[in-house]
Structure formats: C-alpha cells, structure tokens
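Step one of this worksheet: look at the structure below.
The values are calculated or read from the model by the stated rules, or taken from the named source; none is laboratory data. Bear in mind that the values here come from a model prediction, so they are computed numbers and not experimental data. Counting neighbours? That spans all protein chains shown, and the Cβs are built from the backbone with ideal geometry, glycine included. Protein only, heavy atoms only, side chains kept; ligands, DNA and RNA dropped before computing areas. Shrake-Rupley method; radii C 1.70, N 1.55, O 1.52, S 1.80 Å.
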Amino acid sequence: MSSYPTIPLKDYREYPIEEMRQRLKEFYTEVNRRRTVREFSDRPVPRDIIETALMAASTAPSGANLQPWHFVVISGPQTKKKIREAAEVEEREFYGHRASPEWLAALEPLGTDTRKPFLEMAPYLIAVFLQKFGVLPDGRKVKHYYPTESTGLAVGILITALHQAGLACLTHTPSPMKFLNEILDRPKSERPFLLLVTGYPADDAEVPDITCKKLTEFASFIDL
Ligand code: IYR
C-alpha cells in the first residue's frame, strides 16, 4: 500500500437529525429563490465579494485534486465591449443559421435573442476556463482528469456563493467561445467553459415563467 500524508478531519461537523432537516430546509428555501437573470443593473459591487465567491468555488472537488480551472474577472468597460461585440457576432450566426429549429423552439420560453446588452451593463463578467492540462514552471505538461466535470462543480458553487451574497447571475454560453482566449489572452491549453455574468438585477428585471421538475421526475430511489 502506498503511504501518503494525512491530517485529521477536524473541520467536519455532524448535526442531530432534526437540525439536519432544519438546516437543509433553510438551504433549499434559499437556493430555490435563485433565478437566472438577464437584465442587470450597473450598480457597482466591491471586488472582495467576487474574490470570496471565487475562493468558495475553488473548494470544489476536482479530478485528482488538480483544480483544472481559471477564472478571469472582467470589470473594465473596454474589455466588456469587446466581449459583447464578439459574442453578438456568434449569436447572430447561431440564431440566424447554426441553431436547429428544434433548438430555437427549446429556447423560446426563455425569450433569448442575439442582443446581449448585459455583457456591458453588469459590473462583472467572470470568464471561466477549463484547463485540459496544467503547465509546470519548467514548461512540462500535467494531464488533468475530468476537467469538464470539475469545472462544472466549481461553477455550481460559484453561482451558489454569489446568490448567497445577494447577487444575480447569468450562465452565458455564446458558442463557440474561442474569442474569449484571444480577448483575454489565455493559452490554447485552456478551453472557455462559461461566461458568468453577475451583479444586481435591474430594478424592473423579469424572468421567464418556468419551474423546476418535481423530485419524482428527476430522482429515483432503490432500497433493495
Ligand atoms: N447562446 C445563446 C443561445 C442559448 C442557448 C442555451 I442551451 C440557453 O439555455 C440559452 C441561450 C444565447 O445566449 O442567446
């Protein structure tokens, strides 16, 4: 058996079952209020809020603990404008030619279109990159395992953390997103994963009238 360094699991906490129920109920009530928002206010948000949310995201489990992600936080108007312009070029292609009628029909309840003003309005865009491999200081490559799953888990925590802080998010996926590597000067070993738009919602923000599936629709239990 290989030996590896360990430390005691000192931060784990167990709760009495009733407290477990109560805590989860409160957590569920809290996350159930989260809605994806497409209309943002330009009100500023202190940068340390974003930094702490990113620290929370960085606690996500990852393949072989290689943490195969990089987050670029964009607050500057010039860079936001470049991103909006490049994203809208792709979106015009998408809505005009690339998307199948079936895909466009699926998007209909969301009311999305080629215009992405939120990319300039929101105080922060967080471009999330997935690293297919890491690069050591001497230039050698380190293969990453499950980078897609790992980065998805980190983004899930990031969205939850921002919601906890009272900020709204939009998970935006202009496709393809290669332009993010060029604009943000990220290496080829990194694949753009998601553009997370965050800030306060606009005062008159509205959201689609859609709901989550019921537990019985998305989960099954096997007791045998
Ligand atoms: N990227 C496009 C289209 C789009 C695709 C999916 I899947 C969505 O859930 C929402 C939008 C856009 O942002 O408009």
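Residues that are touching a strand residue (DSSP E or B) at 6+ places or on another chain (Cβ under 9 Å) and farther than 17 Å from GLU91 by Cβ within region 197-212 comprise THR198, GLY199, TYR200, PRO201, ALA202, ALA205, VAL207, PRO208, listed in sequence order.
Of the listed requirements (1) open to solvent by less than 80 Å² (accessible area, probe 1.4 Å); (2) near the ligand (Cβ under 10 Å from one of its atoms), ARG115 misses just one: (1). Among residues of region 190-213 being more than 15 Å from the chain's Cα centre (by Cα) and closer than 27 Å to ARG98 by Cα, the one that is most open to solvent (accessible area, probe 1.4 Å) is ASP209. Listed conditions (1) touching a residue at least 12 places away in the same chain (Cβ under 8 Å); (2) open to solvent by 80 Å² or more (accessible area, probe 1.4 Å); (3) closer than 22 Å to LEU125 by Cβ are all met by HIS70, apart from (2).
For ASP48, the conditions (1) within 12 Å of the ligand (Cβ to nearest atom); (2) of a type in the set (D, E, K, R); (3) open to solvent by 60 Å² or more (accessible area, probe 1.4 Å); (4) closer than 27 Å to ALA202 by Cβ all hold with the exception of (1). Checked against (1) within 11 Å of the ligand (Cβ to nearest atom); (2) on the phi > 0 side of the Ramachandran plot; (3) modelled with pLDDT of 95 or more, GLN67 meets all criteria but (1). Here region 150-180 is the region considered, the condition is being more than 25 Å from PRO201 (Cβ to Cβ) and either in contact (Cβ under 8 Å) with a residue 24 or more places away in the chain or within 13 Å of the ligand (Cβ to nearest atom) (or both), and the residue that is surrounded by the fewest Cβ atoms within 10 Å (Cβ to Cβ) is PRO176. Return the residue satisfying two criteria in turn: it lies in region 126-176 and is among the hydroxyl-bearing types (Ser, Thr, Tyr), part of a loop (DSSP other than H, G, I, E, B) and modelled with pLDDT of 95 or more, and of such residues it is nearest to GLU91 (Cα to Cα). Applying the filter and picking the extreme gives TYR146. The set of residues in region 76-123 being of a type in the set (Gly, Ala, Ser), more than 21 Å from LEU184 (Cβ to Cβ) and assigned to a helix (DSSP H, G or I) consists of GLY96, ALA105, ALA106. Here ASN32 meets each of (1) in contact (Cβ under 8 Å) with a residue 12 or more places away in the chain; (2) surrounded by 11 or more Cβ atoms within 10 Å (Cβ to Cβ) with one exception, condition (2). Return a yes/no flag: does region 181-189 have any residue that is open to solvent by less than 20 Å² (accessible area, probe 1.4 Å) and part of a helix (DSSP H, G or I). Yes; the residues of region 181-189 include at least one that is open to solvent by less than 20 Å² (accessible area, probe 1.4 Å) and part of a helix (DSSP H, G or I).
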